[in-house]
Amino acid sequence: MTSNGDLAARLSARAPLMSLQSVDKVFAGDVVALRNMSLDVRAGDFVSLLGPSGCGKSTALRLIAGLSHPTRGRIAWADGQGADQLGVVFQEPTLMPWATVEDNVWLPMRLKGASKASVRDDIHDTLRLVGLENFAEAYPRELSGGMKMRVSIARAMVTHPKLILMDEPFAALDEITRFKLNNDLLEMKAKIGCTVIFVTHSVFESVFLSDRIVIMAARPGRVIREVQVDAPYPRDEAFRTSAEYAGHTRAASDALHEAMGEAA
């Protein structure tokens, strides 16, 4: 088994893709959402942001996505591209109800001026990746909740982004569907070789998915601890029932309780 020290050394050797550098975010009324938040995300990471409600996890994601701007500090990109290399999956699928699955996945490429004919192969390859190759002509109303979320993930992946931001995408799904999509997400990440920042309230989900769990405290939001999950990929149901998984879960849970204590 790889030690946490060995893992940390190996991770730090990878090039940073994006960094939050001493970031503050203050909203109207002097509401401090984030204060002095610093985080390096390296190419290939699967980073989960874990913390109590109101700790600024979604705010951090919006800043990275360019949907909002820091009050202080900066977000630095290794190649200066920023939002041009992003895919985003929100808490709700946010699909266009009048459009087919194919047209929903086409949307980010359409916004960049690409005709559907010119990217049809990319669309269908991505639908195949999420297991929806037979539903290209279906409408959102004809899909289950899990299938709608797969369309949302396909839309984020179709441009082959370097970084995918996911804001509690599976929170509203039943446990069986959630477990299945957790498994599928890791498989999809391995196939396209992207980096993922994933917001979740679930200790169990964060341990299964991540190689790094960033624990945040609220009032104001900030990073107080990281938990390294040194279990190798691919991960499966055997990992979910292993002593190793239980140990990482205890470590993440203890860190989360520490964060909640700081927020009190």
List, in the order given, every pair from Lys112/Lys162; Lys57/Lys112; Lys25/Lys112; Lys57/Lys116 whose Cα-Cα distance in the structure shown is over 23 Å.
Lys57/Lys112; Lys25/Lys112; Lys57/Lys116
Karplus (6.51, -1.76, 1.60) ³J(HN,Hα), θ = phi - 60°, over region 174-183, in Hz, Gly and Pro reported as x
5, 4, 5, 5, 4, 4, 5, 6, 4, 4
Rounded to the nearest 10, the angle in degrees between the Cα long axis of helix 243-263 and the longest principal axis of the Cα atoms of the chain comes to 70 degrees
Using 7 Å Cα-to-Cβ label points, what is the Ala43/Ala99 separation (nm, one decimal)?
3.0 nm
Taking amide H positions as placed 1.01 Å from N in the peptide plane, with prolines and chain starts having none, which residues 5 or more places from Leu34, or on another chain, fall under 5 Å of its amide H?
Lys25, Gly221
Are there chymotrypsin sites (Phe, Trp or Tyr not before Pro) in region 46-102 that DSSP puts in a loop and that have at most 13 other Cβ atoms within 10 Å, and which ones?
Trp98
Give the peptides 188-199, 54-65 in descending order of average Cβ contacts within 10 Å, highest first.
54-65, 188-199
Rounded to one decimal in nm, the spacing of the 7 Å Cα→Cβ label points at His124 and Asn36 is 5.6 nm
Calculated FRET efficiency for the pair Glu133/Ala190, C-beta based, R₀ 25 Å, to 0.05:
0.85
Inter-site label distance for Arg240 and Asp79 at 7 Å from Cα along Cβ, in nm:
3.5 nm
Please list the radius of gyration and Dmax for the chain, considering alpha-carbon atoms only, with Å as the unit.
18.4, 55
Candidates Ser253, Ser210, Ser53; GNM for the chain (alpha-carbon contacts under 10 Å) flags as most fluctuating Ser53
Set the Förster distance to 25 Å, then compute FRET efficiency between Ala114 and Glu142 from the Cβ-Cβ distance, nearest 0.05.
0.45
In vacuo Debye scattering of region 177-264, one point per C-alpha: log10 I(q)/I(0) at q = 0.11, 0.15 Å⁻¹?
-0.32, -0.58
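Add -39500 (n - 2.57) for each DSSP H run of 4 or more in the chain, then divide by its residues: what number comes out at 222 nm, to the nearest 500 deg cm²/dmol?
The helix-only estimate for the chain comes to -12500 deg cm²/dmol at 222 nm.
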Give the separation of the Cα centroids, region 156-226 to region 92-137, in Å.
22 Å
Using the alpha-carbon atoms, what tilt in degrees (0 to 90, nearest 10) does helix 101-111 show relative to the longest principal axis of the chain?
70 degrees
I need the phi-derived Karplus couplings for region 18-23: 6.51 cos²θ - 1.76 cosθ + 1.60, θ = phi - 60°, integer Hz, Gly and Pro marked x.
8, 9, 8, 10, 6, 8
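Read-outs throughout are calculated quantities, based only on the coordinates presented, and are distinct from any laboratory measurement. Given the structure is predicted, the values throughout are model-derived calculations rather than measurements. Because the Cβ atoms are built from the backbone with ideal geometry, glycine has one as well, and the counts that use them run over all protein chains shown.
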